[in-house]
Structure formats: structure tokens, C-alpha cells
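Participant: Have a look at this one before I ask anything.
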Amino acid sequence: MSLRIYIDTNIYLNSILNRDKEISKKVFSFLAGVDVEVYLNDISIINIHYIIRKSLEREQVIEELRTIQKENYLVSVNEQIIENSLDSKFKDFEDAVQYFCAKKIDAELIITDNVRDFKLSDIHVISAKDFYKEYIEPRGEEN
């Protein structure tokens, strides 16, 4: 079984909208070439669409969403995830949903740019920038 990585919505947005000097794009490119399973939740797809539709042409939006759908696994948000998120001590409900989705698939790692918001996580949490510095840069795979 390969490593399971859960990626927060903000990393997808950073990649699509070039909000972080292509760090997130490089993270996705690297992950595509190694034995890992990359997950996001189904509501993230909706949120990504809502945000990128304001910056991209419709065809580009559809292409981005199809790529995400093809290259990643989806976790469905269900009643238990919502209940756990509502009952959790996470300050941000959306981050709690992300966390409980990661728990549902037994993720070993969460990549997010909101690392501070995941203080309560018992799953290792890392930013895209730190992931890049730790795993990609040392290999010289900065393409």
C-alpha cells in the first residue's frame, strides 16, 4: 500500500492560480511521480470551482477540475465527518472537515498552507513550502 496524502483546498488553489511562486505546482508534479495516493474531499472540488471561475475562462476551469478528478482520490464528506467537525475543538469548521476527511482515509500526511490551524491534528501536517524544501529541493527535482 502506498503512502496516503491529504491535500487541503488551499494548495490546489495556489497551484491553479499561481499564488505561491509555483511551489504547489512543483509539489503536485513531484507527487505524480512517486508512489503515493493523493486525496481531497468532494466539497473541495466545489469550492475550487467557485473560486477559480472568477479568474479563469470556463474551459480552463473545467480542464482544471477534470485534471484534479483524474489525478486524485476523492473523500466524500458524510454525516459523521460533519458531526465530528462540529464537535471538535478546531477553531475553523472547514479545517476540521479537512482533518476528519484525512482521518477517514488514514492519511499519513496533510499538506496545507494553514498549518497553525491544524494544531490539534494527530496526523503529520506540513506546508507546501516546507514539503518542497524537505522532499523536492534536496533531490534536485525543482522542474
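Participant: Subtract the Cα-Cα distance of ILE105 and SER55 from 0.36 nm times their separation in residues, and report this length gain in nm to one decimal.
Facilitator: The span from ILE105 to SER55 would gain 14.8 nm if fully extended.
Participant: Please report how many Lys pairs in region 69-138 have alpha carbons closer than 27 angstrom, counting only residues at least 8 apart along the chain or sitting on separate chains.
Facilitator: 19
Participant: Let me ask something else. Tell me the relative contact order for region 1-116 as a rounded percent, counting alpha carbon contacts under 8 Å between residues six or more apart.
Facilitator: Across region 1-116, relative contact order equals 39 percent.
Participant: Something else now. Where nothing but the Cβ of Lys and Arg (+1) and of Asp and Glu (-1) is charged, how large is the charge dipole of the chain around its Cα centre, in debye to the nearest 20?
Facilitator: Using Cβ point charges on Lys, Arg, Asp and Glu, the chain gives about 280 debye.
Participant: Whole number please: convex hull volume per residue of the Cα set in the chain, in Å³?
Facilitator: 113
Participant: For a Förster distance of 35 Å, can you work out the FRET efficiency between the beta-carbons of ARG139 and ARG66, rounded to the nearest 0.05?
Facilitator: My answer for the efficiency is 0.75.
Values quoted throughout were computed directly from the atomic coordinates according to the rules given, and no laboratory measurement underlies them. Quick caveat, the model's predicted, so the values are computed rather than measured. Reconstructed Cβ throughout: ideal geometry from the backbone, glycine too, with neighbour counts over all protein chains shown.
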